[in-house]
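Q: Attaching a single structure in structure tokens format; questions to follow.
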Amino acid sequence: MAVKTGTTEDVIAGPALQEIVGWLTETDEGRLAHLWRLAEQCRRDSVGDEVHLRGLIEISNYCVRRCGYCGINAGNRGIERYRMTQREILDCARQAVEFGYGTVVLQSGEDPGLKADWIAQIIRAIKKDTPLAVTLSLGERSDEEFVAWRQAGADRYLIRFETSNPQLYEHIHPSLPGRRSDRIAILRQLTELGYEAGSGVMVGIPGQTYLDLARDILTFADLDLDMIGVGPYLPHPATPLGKEYMKMPANSPDQAPNTELMTCKVMALARLVCPLANIPSTTALATVNRESGRELGLMRGANIVMPNLTPAKYRAMYEIYPAKACIQETADKCHECMKARIVAIGRKIGAGRGDSKAKYRRTR
Ligand code: 5AD
Ligand code: FES
């Protein structure tokens, strides 16, 4: 038995949904071992044994949004805010080249203080000085900004839709006044503009059911995503949702748990419905299992890791959830750590930019 893969019309059909719910609720170890084997085989056949490294630079922790889950949301007065300088960002990009990474990811809160021209200048500078692919993860910005950054040379954009359940989404990610948050529409627009588009969800959000997660997985296929990031929801005590989580009843049968196992199931199924996507083994997964979370992700569908390049002095201020992995480490340390973990499980360090094979197929 294999989850059906293919176009929207194939995938949205009822049986696929039920089949995915079946896997998400599966407890038999032998059956689960079969799911892991399917995901491994699919990953090997579609994107190979190379693991590509994307250097993550957390350029600003200012944010205007009040996302219920996120530790750097505007309502959190307990953290110091920072914005990196252009020089600091460029130094990190040069370090990425020295480490042999093919990509840098510029990530931030939704920060209007990061002006469109300023970001465009950095993109141009990185493109001029280095062979790196540039991925942006700067939140919901205007179409004009997406166009300008693409023209400046940005290759990819990450924006998770977090959950495909519209009521749950509005609850955890309130819209700004007069501007309904529609990340699915943004993702379609980004693809239209020629970006590689990346998205993803959190697993085990309070109120998220198995059926919700199954629909999330079908949405990955529907959007034909180039990149899919999945991590467990990790409650942050200084957030509204973190407080809700503490009061959640322990025994609601439909609630998807925020466990390592459930995250691995979603990653494995994401691989099966989007064979060609680039799928990272996330920091959130490494946070729930410090010992071997990264490796587990790589062995259950993932082919990407995102070592942190953010200067040590800023890392602790980018605590979107508590006890985040790599927060005490330096770029050098994360680089060595990632390489060792990849090699230890018999995989290869990716050469080149690790562009999306899904985009290649779509635009060929
Ligand atoms: N737990 C897990 N993941 C989180 N993110 C933000 N806050 C949390 C949290 N508390 C994820 C969101 C966001 C990405 C950058 O980090 O999915 O899109
Ligand atoms: Fe940062 Fe392992 S990747 S410490």
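Q: List W118, W23 from most exposed to least, where exposure is judged by having the fewest other Cβ atoms within 10 Å. Write down the numbers at each step before the final one.
A: On the way: W118 11, W23 22.
If I rank by nearby Cβ atoms, fewest first, I get W118, W23.
Q: What is the gain in length, in nm to one decimal, between A316 and I349 on full extension, counting 0.36 nm per residue of separation less the C-alpha to C-alpha distance? Mind dumping the intermediate values first?
A: Numbers: separation 33, 0.36 × 33 = 11.88 nm, distance 2.79 nm.
Stretched fully, the A316-I349 segment lengthens by 9.1 nm.
Q: Please list 3J(HN,Hα) in residue order for region 76-93, calculated via the Karplus relation 6.51 cos²θ - 1.76 cosθ + 1.60 where θ = phi - 60°; whole Hz, with x for glycine and proline.
A: For region 76-93, the Karplus-derived couplings read 7, 7, x, 10, 7, 9, 9, 9, 6, 7, 4, 4, 4, 5, 5, 4, 4, 5 Hz, x marking Gly and Pro.
Q: Label points 7 Å out from Cα along the Cβ direction at W118 and Q167: separation in nm?
A: With each label point 7 Å from Cα toward Cβ, the separation is 4.1 nm.
Q: What distance in nm separates the simple spin-label points at D129 and V147, each placed 7 Å from Cα in the Cβ direction?
A: Taking the two extended label points, one gets 3.0 nm.
Q: Give the list, by residue number, of cysteines in the chain with no other Cys Cβ closer than 4.7 Å, or say none.
A: C42, C63, C92, C264, C274, C326, C334, C337
Q: A further question follows. Considering every pair of different Cα atoms, what Kirkwood radius, in Å, is found for the chain?
A: On the way: mean 1/r = 0.0488 Å⁻¹.
Evaluated over the chain, this radius sits at 20.5 Å.
Q: Let me ask something additional. Go ahead and collect, in residue order, the members of region 76-116 whose backbone nitrogen is under 14 Å from a label point 7 Å along the Cα-Cβ direction of K243.
A: Counting only backbone N, you get 76-78.
Q: According to the square roots a ≥ b ≥ c of the eigenvalues of the Cα gyration tensor, what is the shape class of region 228-364, taking rounded for a/c under 1.5, prolate for a/b larger than b/c otherwise, and oblate for the remainder?
A: On the way: a/c = 1.91, a/b = 1.24, b/c = 1.54.
Cα axes put region 228-364 in the oblate bin.
Q: Here is a follow-up. Distance between the C-alpha centers of region 218-247 and region 23-84? Whole Å please.
A: One Cα centre to the other: 9 Å.
Q: Given the Cα-Cα distance of D49 and A323 and 0.36 nm per residue of separation, how much length would full extension add, in nm?
A: Numbers: separation 274, 0.36 × 274 = 98.64 nm, distance 3.04 nm.
Taking 0.36 nm per residue and subtracting the Cα distance, the gain is 95.6 nm.
Q: Sticking with this structure for a sec: Could you work out which residue, out of G301, G48, G109, moves most in a Gaussian network model of the chain, that is, has the largest mean-square fluctuation with Cα springs under 10 Å?
A: Of the options given, G48 has the highest mean-square fluctuation.
Q: Give the residues of region 131-174 whose amide nitrogen is closer than 15 Å to a point set 7 Å from the Cα of V97 in the direction of its Cβ.
A: Counting only backbone N, you get 131-134.
Q: In addition: Sequence-distant or interchain residues sharing an amide H contact under 5 Å with V203, placed H: which?
A: It is G231, Y233, by chain and number.
Q: Can you list the lysines whose alpha carbon is less than 21 Å from that of K348, not counting same-chain residues fewer than 8 positions off?
A: Excluding near neighbours in sequence, the set is K333, K339, K357.
Q: Here's another thing I want to ask about it. Between the alpha-carbon centers of region 287-364 and region 100-127, tell me the distance in whole angstrom.
A: 19 Å
We did not get these values from a lab; they are worked out from the coordinates using the rules stated. Since we're looking at a predicted model, the values are computed, not measured. Here the Cβ is made from the backbone with ideal geometry for all residues, glycine too, and neighbour counts use every protein chain on show.
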